[in-house]
1. Just to be sure I understand the model, the point goes 7 Å from the Cα along the line to the Cβ. What's the resulting ASN37 to SER329 distance in nm?
2. Over the residues of the range 7-142, compute the C-alpha Rg and express it relative to 2.2 N^0.38 Å.
3. Among the listed pairs LYS12/LYS36; LYS160/LYS234; LYS19/LYS195; LYS216/LYS247; LYS139/LYS322, which are separated by more than 22 Å between their Cα atoms?
4. For the range 7-142, what does the relative contact order come out to in percent, with C-alpha contacts under 8 Å and a separation of six or more?
5. Rank by packing, highest mean first: peptides 200-209, 250-259, with packing defined as the count of other Cβ atoms within 10 Å averaged across residues.
6. Quick one: grab the alpha carbon gyration tensor of the range 227-280, order the square roots of its eigenvalues as a ≥ b ≥ c, and give me rounded if a/c is under 1.5, else prolate or oblate depending on whether a/b is larger than b/c.
7. If Rh is defined by the Kirkwood formula over all Cα pairs and Rg also comes from Cα, what ratio Rg/Rh do you get for the chain?
8. For VAL140 and ARG68, compute 0.36 nm times the residue count separating them, minus their Cα-Cα distance, and round to one decimal in nm.
Amino acid sequence: MKPSPFLYINEKPCPQTIKLLKSTYLGTKGAKYKLKNTDQRIKELDSPLYLSLKRKNSILGNITFCRRNSIWYIRYFAFHSSFQSGEKRKHSNNKKGIIKTNLEEFFESVLNNKFKGEKCNGFYAYIDPLNERSSWFSKVFRFQKIDSLATQTFSRLFPKKSNRFIVSNYNETIGQKLQQQYSNHLFFFQDLLKKSLFYCLRNDENEIIAIARCTKAEWEIERLPGRFGKTLTKIIPFIPVLNLFIKPKQHRFLVTDSVYIKNNEKEILEELFSSLLAHFNERIIFWWVSQQDTLYNQVKNKIRWGIMHRFLSVPAVDVVFKGKKEIISEKPVFTFGQDFV
């Protein structure tokens with residue numbers, strides 16, 4: 001790969017990169033929000049690589065990759081606010097031309113194993129189909145859609161904690177059950193789970209019948225979905241009940257992944273999710289899960305998902321891929337909850 005005057009690659013983020021990631025709002029239509037706790041999230045990244053585009057000592061944008069074996073996940077995709085400005089369209093297009101040229105060269109170099117000798121069979125990312133910048137990125141760099149995720153919420157005003165609820169480190173039993181559940185999923189990297197805590201239900205025979213990982217998250221919401229989303233963001237703190245679930249300035253929730261439920265029983269899933277909320281003293285769970293996932297399809301029309309489900313419905317997220325097509329098949333994608341927050 002030829003050196004570029006605009007492209008900077010590091011395994012640690014510079015202060016400008018961190019500032020850009022912390023200030024970036026996600027979403028261009030519908031909901032618009034900013035991730036919080038970005039400093040901590042950056043510290044938790046697995047094998048990160050920061051690709052920054054600079055011009056005149058200023059960062060135009062950053063793409064952060066997590067290198068997972070021979071597959072690279074695109075964790076952050078952040079660009080300067082001028083890319084969203086209609087008044088600066090000409091300058092924005094010029095910058096996009098610079099980005100396109102440099103990134104095309106970078107992707108091809110990595111896929112041809114010419115980047116520091118690292119082996120990479122492909123890149124994958126999660127794309128909001130309503131986000132113009134993300135859609136532009138996917139189209140221009142020829143990513144293909146390989147799956148669709150459901151943004152499923154579970155909410156309770158007064159969650160109850162089951163007496164069967166336990167907290168456990170990763171162990172052989174948990175590993176075997178997750179392998180059984182997700183061995184047919186793409187991008188299931190079990191080694192990334194081994195340092196995690198797991199939240200489980202255990203029956204009277206001491207058998208683990210439910211498992212989940214959990215990530216605490218927080219957003220700052222600038223605009224909620226819908227035509228009057230901006231106005232609703234301002235008045236929702238004064239709407240009884242709803243204001244207990246949605247706090248625009250400090251919207252807290254849990255994100256689950258690695259969900260295993262014995263026999264895919266809906267009652268066990270509700271018991272686990274309610275226990276999680278009670279354990280962490282929260283009211284909302286977000287579960288980003290493949291719409292092909294067997295567990296999800298068996299329970300999605302049977303569970304009382306709660307008020308947030310009625311308020312938000314189930315927005316879709318596209319999973320896109322660029323790389324060697326022979327490693328991709330029509331399988332559901334495994335998701336890591338921390339990748340979304």
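Every number here is computed from the coordinates shown, using simple stated rules; none is lab data. All figures in this text were calculated on a predicted structure; none of them were measured in a lab. Note: ideal-geometry Cβ built from the backbone for every residue, glycine included; neighbour counts use all protein chains shown.
1. 3.6
2. Rg over 2.2 N^0.38 Å, computed on Cα atoms: 1.03.
3. LYS160/LYS234; LYS19/LYS195
4. It comes to 22 percent, rounded to a whole number.
5. Put in order of decreasing packing, that is 250-259, 200-209.
6. Cα axes put the range 227-280 in the prolate bin.
7. Ratio value, two decimals: 0.97.
8. Value of the extension gain: 23.5 nm.
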